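I have placed the structure first, in the form of structure tokens, so that the comments after it can refer back to it.
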Amino acid sequence: DEVSTHAVALILACARKIALFDNLVRQKIWDFALARPVLRTQGRILGLFGLGEIGRTVAEKTSKFGFKIVAYDPYTTKVDRGIELVGFPQLLSDSDFISIHAPLTSETRHAFAENELRAMKKSAYLINTARGSIINEKALYKALEEKWIAGAALDVMEKEPPDWKNPLLELNNLIITPHVSFYSEESLVDLKTKTAEAVLSVLKGELPGAMVNPQVIKK
């Protein structure tokens, strides 16, 4: 739940240009016109790259803000009400916001590189709370610096913590949080509890409940 909430927070922060407004005020500039345009969320297209549990939860939460939800996931045919499955090219070309919710695999590594970023709308935002290497950071810097897209928000990066000389850190159309989307005090308790329960299951000769690849047991 924390990851989906953080993703929604970043989507809304981009939509309302929260970081830019905050930066302007700290420079003693009180003028909304410098951040124009800010558009309503109603009717905007949110594209989900990956439609697992987190992606579906993001869809449910953002639908309350009036977003139209489309998703790309080659491994699912089950679509919740209000979500339209599309191909990757359409996700890139149609979405006003793209939120990444996929694991890092050989297929998804650098899925968002120069060609993909150029295919997005110039007014679009890219949000990543999944894995840093799904985005090619060199291409992202170029896209943000040259305004191929409007902005981005990252909770994950290719190297963590990043090199503090990383040029991405100098951009004002990028929000970065330090891989905290998983975090709340309650989630830390849940994590410790589930870890202990998994260990107990193994000691009793049972499979842990959250096992990702149970097929290996047969080997």
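The values are calculated or read from the model by the stated rules, or taken from the named source; none is laboratory data. Here the structure is a predicted model, which means the values were calculated and not measured. Virtual Cβ from ideal backbone geometry, glycine too; neighbours counted across all protein chains shown.
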* For residues in the range 1-57 being surrounded by fewer than 17 Cβ atoms within 10 Å (Cβ to Cβ) and among the basic types (Lys, Arg), which is farthest from residue 91 (Cα to Cα)? -> 28
* Hits in the range 155-174 (condition: touching a His at 6+ places or on another chain (Cβ under 9 Å) and either among the charged types (D, E, K, R) or in a helix (DSSP H, G or I) (or both)) -> 155, 160
* May I ask you to verify whether residue 166 is assigned by TED's automatic domain parsing to the domain that holds residue 38, polar (S, T, N, Q) and over 26 Å from residue 96 (Cα atoms)? => yes
* Asked: Has the range 139-154 got any residue that is modelled with pLDDT of 95 or more, of a type outside the set (A, V, I, L, M, F, W, C), assigned by TED's automatic domain parsing to the domain that holds residue 39 and touching a His at 6+ places or on another chain (Cβ under 9 Å)?
  -> no
* Residues being buried (at least 16 other Cβ atoms within 10 Å of the Cβ), out of contact with any Asp or Glu (no Cβ under 7 Å at 6 or more places or on another chain) and basic (Lys, Arg): count how many of those fall in the range 98-155. => 1
* Asked: Does the range 157-170 include one or more residues that are under 20 Å from residue 104 (Cα atoms), aliphatic (A, V, I, L, M) and touching a helix residue (DSSP H, G or I) at 6+ places or on another chain (Cβ under 9 Å)?
  -> yes
* Looking only at the range 184-218, which residues are assigned to a loop (DSSP other than H, G, I, E, B) and over 29 Å from the mean Cα position of the chain (by Cα)? -> 204, 205, 206, 207
